[in-house]
Amino acid sequence: MSLDRRDVLKAALGLGLAAAWRLPFAANAPVGKRLILLELKGGNDGLNTFPSLNDPLYRQLRPTVALPKAAILPLGQERGLNWGLQSLLPLWERGEFAIVDGLGSAKPDLSHFWASQQWETGNPDDPKARIGWLAQALASNQLPASPASGAHAAVFGFNSGPLAGAGIKLLEIGDSSLGGDAALPAAAAGRVVSEAQRHLAQILRDWQQSQQLMAKPVALPKPDSEFPDWAFSRQLQQLAALMVQDPSLSVFKLVVDGFDTHSNQVDPASPDQGRHFKLLRRTSRSLAAFISILQKQGLWQDTVIASYSEFGRRVQQNGSAGTDHGTAGSSFVMGGRVRGGFHGVLPPLGDLDADGNLKLKVDFRRYYNSLAAAMGLPVLPFDTTRFPALSLL
Amino acid sequence: MSQKSTRIGLWMYRFASLLACCAITGPASALMPAEVDHLMQRAAFAAAPADYSRMAALSREQAVDLLLQEAAADSAAPAMPDWAGPPWSIARWQHQPLDANSKKATPMYWAATRQWLLNGLLNAPSPLRARMTLYWHEYFPLIRQKHAASALRRDHRFYAMALGDYRELLTAFSRDGATMENLDTKQNRRGAINENFARELLELYTLGRGHYSQGDIREAARAFTGWAVHRNSGLFLVMWNWHDFGEKTVLGQTGRWDGDDVLAMLYRHPRFAEYQVERLWRTFISPEPDAQQVQRWSAQFRQDQYSLAKLLRLMLNSDAFWSAANRQTLVKSPVELVVGGLRAEGVKGDHAAWMDLWASQMGQRLYLAPDVKGWRGYTDWLTVGTIGIRQAFLNGMSSGFDPSLLARFEASGAYPAFYPLDQARADSAGLWQAVEQARRQRGSVSISTMMAMQDRAEPPAASPMRNLK
């Protein structure tokens, strides 16, 4: 390591410590509570994730895409679980797995871009809105930044979505291992003058600080089951380590892509070959291993993992053994203190809107209100009396 | 490593003698390599190795004129792929069902479109024209278009118009099919006004906020009713049965205006020239335009019949452009960084998939701006998330790409489906071979790489200052 970089690192550490001492202690800081937002990108099909066991319309409208009975794990008399989520069944049995039905936007949009924009900003009315609902909530409730990382929240992947804007500081973990060496040239450091140079210098310092943080070796307990070998598993392992490296960080966002199942969603001949099943299985196995680590570390009680997706899918299947973009869908919430079971209302398959899509039963703002309540964040960027929280905890 | 240090030592000797030559015999105003660097990084992505030698004996004015002459001579846009041809072409019809309806094929066409533009920017005979084509691409952002072919054809058109009469460019923009799809022009009809096109025309492309009223937008939208493109031919036409022939008051003038009348009104408006001068200032000179200078240049711009080439000549020769206070005040966009990175090593050819991978990872996927305002650019390009990737690219261009880098890209989960990993590995190896071959031919690493390298042990890393320009 060259001399100049050592100096820069020292400066960065010094800055970090100094910043920590200057931070005010906010009385309403959610001590120890953690929220992990899991974006299921592409539009997850709620009807096949938590299928109906007895509704004849389900099999009528989806002759080959409806899950075969053998591929459904019953959750009571009426509904079941896609067997891809088998790894999470123990959570349901312990009452730590909640399903929210009929969840969607008051102004459904079938475009990935605009629907995502609505969900991320918590605002179905303004197509120009760009600031994330959770970023606004963190800012309005004055959640303090974590002293170790200087960040309010951590985002895995490139789309900060609900955590974008509002002046909050994010720890962005695209791929920390991608970084090369980037010390400020010793000479230039003394001559920083333009705003661009100042900004570059600051970003380099922040980046080195986050690299340092992520590089600290953390001994994690062995999970109860194996992590499948894919990027999302590695991100969850990084997240588990981050939760130890930076205990004051309380908000996280991850994303799993691939839910836009226009074709080959289900393979009726071999149910374990369908795209949706495979994706759900990998995701749930990764989550199960991750959750077992959190349980062993005593973090599960205060953690909430909440999924969301930009829309559900059409009830009627299309011509490619898949489904097209739809409206309301089902999300799931897991955590040590979550009230397991069914919440919301499943939209009846016999009462569809003019486009043949499910009617909205629960506005997503109520879902967000519930998650914010779990974190102790009373101030939200929408009217909380109009959109009361569900009793998820 | 002694071979390398010998080579570097040899190069430094050559550099020193070049400098000495200039000091003794060259004209007093001859460009120093750092100035060639400054000019080319701003106006042409980066200085290619050949640029240093061919500009060594030139003054600033001569170098700028050289760039403009090249641009004038290069008026043929990079060849359009056959699937992007006009809607009536046979080749297009062969692809049409895929382009229009297949969800699977459409991402393939968008990848091909991005790569067409990236290769075009890298291999253009005139890097200034290429830079201006990128400028217009970013100035008129496209978001979530359905049809890749019309977007490609628009940039193909703009290539030839990039340095011409600004009014002609704006008219071509307004009549273009991709614009109409993006801004709902065809949905705008008498009795069912859609203000989208008129709003963005006034707010983002010609006058800027504060120089028109909401009423102006509404009335201008009425004037543009009926504007459309023919479905099969893609040619501009006006559906007069949808047109609102009534009296309209736009920017204080009343009459039975149609779309062309409104455009003519905008072209006469004093803000029209100023707005463009300000935008170009922020792109080429510094983040804060000097109001007086802007006024002077706008007046000249109007006098020169809105010739963009003449305006650029004015700007690139100005004290503001060359001032030390304005160096390193702008941030390179991802596309500038990757195209410039290859150009700086004298590498040409088909490296589009590679460039697309890096630029997308750095946050700029062409033809997919975040919203109608486009990429904010400037310091927005530098975040904790993107700085690592930018540095990895810069280091890779200096000393070779780490083979495990691609595996880490794939593991990051953001790896694009259109670019198979083994293809990327082959392209990485091929690109590095090209770089090494070019260096061997020149007998050294490129000057810009030399300037970028820090004085440290192997492997040399690129200075993060290369993120700025």
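The values are calculated or read from the model by the stated rules, or taken from the named source; none is laboratory data. Computed from a predicted model, the values in this text were never measured in an experiment. Heads up, the Cβs are rebuilt from the backbone with ideal geometry, glycines too, and the neighbour counts pull from every protein chain shown.
Observations on the structure shown:
- Residues that are surrounded by fewer than 19 Cβ atoms within 10 Å (Cβ to Cβ) and either within 14 Å of another protein chain (Cβ to nearest Cβ) or touching a residue at least 60 places away in the same chain (Cβ under 8 Å) (or both) within the range B:157-168 comprise B:Arg157, B:Ala160, B:Gly164, B:Asp165, B:Arg167, listed in sequence order.
- Scanning the range A:299-327 for residues that are in contact with a strand residue (DSSP E or B) (Cβ under 8 Å, 6 or more places away or on another chain), surrounded by 22 or more Cβ atoms within 10 Å (Cβ to Cβ) and either over 19 Å from A:Leu37 (Cβ atoms) or of a type in the set (D, E, K, R) (or both) yields a total of 6.
- From the list A:Leu204, A:Leu200, the one residue that fits, being within 14 Å of chain B (Cβ to nearest Cβ) and touching a residue at least 24 places away in the same chain (Cβ under 8 Å), is A:Leu204.
- Pairs, first away from chain B (no Cβ under 12 Å) in the range A:147-172, second of a type in the set (S, T, N, Q), C-beta under 6 Å, six or more apart: A:Ala166/A:Gln136
- Residue within the range B:240-251 that is within 14 Å of another protein chain (Cβ to nearest Cβ), in a loop (DSSP other than H, G, I, E, B) and in contact with a His (Cβ under 9 Å, 6 or more places away or on another chain) present: no
- Any hit, the range B:310-320, residues being out of contact with any Phe, Trp or Tyr (no Cβ under 8 Å at 6 or more places or on another chain), over 19 Å from B:Val64 (Cβ atoms) and among the polar types (S, T, N, Q): no
- For the range B:110-163, a residue qualifies if it is assigned to a helix (DSSP H, G or I) and of a type in the set (Val, Ile, Thr), and the qualifying residues are B:Thr113, B:Thr133.
- Being more than 16 Å from the chain's Cα centre (by Cα) and at pLDDT 95 or above holds for only one residue in A:Asp324, A:Asp363, and it is A:Asp363.
- Within the range A:156-208, considering residues that are among the hydroxyl-bearing types (Ser, Thr, Tyr) and at pLDDT 80 or above, the one nearest to A:Leu239 (Cα to Cα): A:Ser160
- In the range B:323-339, the residues that are more than 8 Å from chain A (Cβ to nearest Cβ) reach residues that are of a type in the set (D, E, K, R) with C-beta atoms within less than 7 angstrom, at least six apart or across chains, in these pairs: B:Lys332/B:Lys469; B:Leu337/B:Arg390.
- Search result, residues across the range A:109-130 that are among the acidic types (Asp, Glu) and closer than 15 Å to A:Asn357 by Cβ: A:Asp109
- From the options A:Thr323, A:Thr327, residue that is touching a Gly at 6+ places or on another chain (Cβ under 6 Å), of a type in the set (S, T, N, Q) and over 19 Å from A:Gly80 (Cα atoms): A:Thr327
- Where B:Val347 falls short, out of the listed (1) part of a loop (DSSP other than H, G, I, E, B); (2) within 14 Å of another protein chain (Cβ to nearest Cβ); (3) among the β-branched types (Val, Ile, Thr): (2)
- A:Ser146 being among the polar types (S, T, N, Q) and farther than 20 Å from B:Pro370 by Cβ: yes
- Subset of the range A:249-298 that is within 14 Å of chain B (Cβ to nearest Cβ) and β-branched (Val, Ile, Thr) - its residue that is surrounded by the fewest Cβ atoms within 10 Å (Cβ to Cβ): A:Val255
- Counting residues in the range A:209-223 that are at pLDDT below 90, within 30 Å of B:Asn326 (Cβ to Cβ) and within 13 Å of chain B (Cβ to nearest Cβ) gives zero.
- Applying the criterion of being more than 7 Å from chain A (Cβ to nearest Cβ) and assigned to a helix (DSSP H, G or I) to the residues of the range B:362-393, the residue that is surrounded by the most Cβ atoms within 10 Å (Cβ to Cβ) is B:Arg390.
- So A:Leu242, is it surrounded by 23 or more Cβ atoms within 10 Å (Cβ to Cβ), of a type in the set (A, V, I, L, M, F, W, C) and modelled with pLDDT under 95: yes
- Failed item in (1) small (Gly, Ala, Ser); (2) under 21 Å from A:Arg366 (Cα atoms); (3) away from chain B (no Cβ under 14 Å), with A:Ala129 passing the rest: (3)
- Within the range B:394-408, if we keep just the residues that are of a type in the set (A, V, I, L, M) and at the interface with chain A (Cβ under 9 Å from one of its Cβ atoms), the residue that is farthest from B:Arg425 (Cα to Cα) turns out to be B:Leu394.
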